[in-house]
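Here is the structure we will look at, set down as structure tokens.
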Amino acid sequence: MNFLNKFKYAFEGIFYLTKKDKNFQIHLFLLLILVSFGFLFEISNSEWIAILICSAFVLCLEAFNSAIEKLADVVHKEIHPQIKIIKDVCAAAVLIAALFSIVVALIIFIPKILSLFA
């Protein structure tokens, strides 16, 4: 497998997630809103870094979650207690990252929103 094929497969994964995975689409939509707010409120470089790192972390975890769910469905077609735990823990990882990302976004944007009313 050559070097460029590795990128091709990675982009196929991104296109799959973007087209087929509802949770990934939701996270992308929220990222678009955050980026819009970032430009609107002219956030600093360090604030951009925080937003982008948090967003990348959430998107990566969502991608891993989706991959593990697909693999689990192939391994065991029926509901299986151990597979359920695996899926639940993966979903929990995404939720934890998303919640902390929301806190970061609130820390960045609440003071900027409040300054509009001051």
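Placing unit charges on the Cβ atoms of the charged side chains and taking the dipole of the range 3-117 about its Cα centre, the candidate lying farthest along the positive direction among Val103, Cys54, Leu28 is Leu28. The mean sequence separation of alpha-carbon pairs under 8 Å and at least six residues apart, normalised by the residue count of the chain, gives a relative contact order of 29 percent.
Going by neighbour counts of Cβ atoms within 10 Å, the residues Phe24, Phe100 line up, fewest first, as Phe100, Phe24. Taking 1.002 mPa s as the viscosity and 20 °C as the temperature, the Stokes-Einstein diffusion coefficient of the range 3-117 based on its alpha-carbon Kirkwood radius rounds to 134 µm²/s. If the segment from Asn45 to Val89 were pulled out straight at 0.36 nm per residue, it would be longer than the present Cα-Cα gap by 12.5 nm.
Orientation-averaged projection of the range 1-57 equals 5.0 nm² [convex hull of Cα atoms, one quarter of hull surface area].
Taking other Cβ atoms within 10 Å as a rough exposure proxy, Val94, Val74, Val58 sort from fewest to most as Val74, Val94, Val58. Measuring between alpha carbons in the structure, the pairs from Lys19/Lys70; Lys22/Lys112; Lys20/Lys87 lying more than 20 angstrom apart are Lys22/Lys112.
Potential lengthening of the chain between Lys70 and Leu4 amounts to 21.2 nm, from the contour at 0.36 nm per residue minus the alpha-carbon distance.
Span-like helix check, the chain: qualifying full DSSP H segments, with Cα axial length of 24 Å or more and mean Kyte-Doolittle of 1.6 or more, are 22-40, 81-117. The charge dipole of the chain, taken about its Cα centre with unit charges on the Cβ atoms of Lys, Arg (+1), Asp and Glu (-1) only, comes to about 260 debye.
Each value in this text was obtained by applying a stated rule to the coordinates, not by laboratory testing. Note that this is a predicted model, so its numbers are computed, not measured. Please note: Cβ atoms are built from the backbone with ideal geometry, for glycine as well, and neighbour counts cover all protein chains shown.
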